[in-house]
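Okay, structure first, notes after.
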Amino acid sequence: MRLIVAFISSLFLLTAGIDLSAQGKKFETSREFGLVAGTSYYIGDINPYQHFNGTLRVGGGAMYRENLDKRWSIKGQVFYGTIEATDADSDDLWQQNRNLSFRNEIIEGSVTVELNYVDYQIGNRKDPISPYVFLGLGYYSHKPQANYLGRWYELQPLGTEGQGTSEGEAPYSLNGVSIPFGVGLKANLFSIVAISLEWGMRKTYTDYLDDVSTTYANPAVLADESGELAVILSDRSLGLEGDLENNAGLQRGDPGRRDWFNFTTVTLSIRLGKPPTSCWNQ
């Protein structure tokens, strides 16, 4: 949350510095459509700190941008990406022993407001490039899975932490609200073609992008009410502490920290409609 507050504060400071001398000048609004490609990663129980960690896979989507003036734009985007991480990659011995792993296919639709650092208009040769910041609102669906004997299994229906059993909570949702924010760089390539590079974090309100949050479930209850596969994928520890028979009730994740995901993308967009009027390209 402190990261978002700092980002919003920077946004307001940047807005206050906009050159007021441009007020009163006519600006031709413009629209863009683009194809998006990139990769994704997450921050959570299996990867608590490191950006661009885990298995990075290629994702894709599309976007539509409405340029209100040379500083402000509104963008709608749909993007599909996959996050994937494993405890085996951690330097932490406790995580290595926990031995959990997952992948999650995420589809997000979002609307963001963009603020350019300098004047920028697609197709205008006097506005070749501009960094920008953005903040918005998104809605996503996800599907955490784990691999067992070469096959991927969906984890939410199994209730690996006892969800849906007589001793657990209700199953977690596979949909949620996200808050996208980040930075980017726009550049004109040709008269009506532009490219943008973007790094964007997504704050979520779930701790289950990785299917890891609280404590180990009672394996007897899981076996009886959810099946043997739920028992196997719930606890994949390499070893037990002391003379314990199982890990029931012990820490499996950190419920005090929500999960985040990131889309890092490149977009190739084309201006819709006529090119910028010549009188504003001088």
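Scanning region 55-64 for residues that are open to solvent by 30 Å² or more (accessible area, probe 1.4 Å) and either at pLDDT below 95 or touching a Lys or Arg at 6+ places or on another chain (Cβ under 8 Å) (or both) yields a count of 2. Among the residues making up region 213-247, those that are touching a helix residue (DSSP H, G or I) at 6+ places or on another chain (Cβ under 8 Å), within 20 Å of ALA170 (Cβ to Cβ) and part of a loop (DSSP other than H, G, I, E, B) are TYR216, ALA217, SER226, GLY227.
Of the residues making up region 256-274, those that are surrounded by 15 or more Cβ atoms within 10 Å (Cβ to Cβ) and in a loop (DSSP other than H, G, I, E, B) number 2.
Does ILE122 meet the test of being of a type in the set (Val, Ile, Thr) and either without any contact (Cβ under 8 Å) to a residue 12 or more places away in the chain or out of contact with any Leu (no Cβ under 8 Å at 6 or more places or on another chain) (or both)? Yes, satisfied. Kindly provide the set of residues from region 86-110 that are outside any strand (DSSP E or B) and either in contact with a Ser or Thr (Cβ under 6 Å, 6 or more places away or on another chain) or in contact (Cβ under 8 Å) with a residue 60 or more places away in the chain (or both), ordered by number. The answer is GLN96, ASN97, ARG98, ASN99, LEU100.
The values are calculated or read from the model by the stated rules, or taken from the named source; none is laboratory data. Computed from a predicted structure; not experimentally measured. Glycine gets a Cβ as well: all are built from the backbone with ideal geometry, and neighbour counts include every protein chain shown. The accessibility values were calculated without ligands, DNA or RNA, using every heavy atom of the protein model including side chains. Shrake-Rupley method; radii C 1.70, N 1.55, O 1.52, S 1.80 Å.
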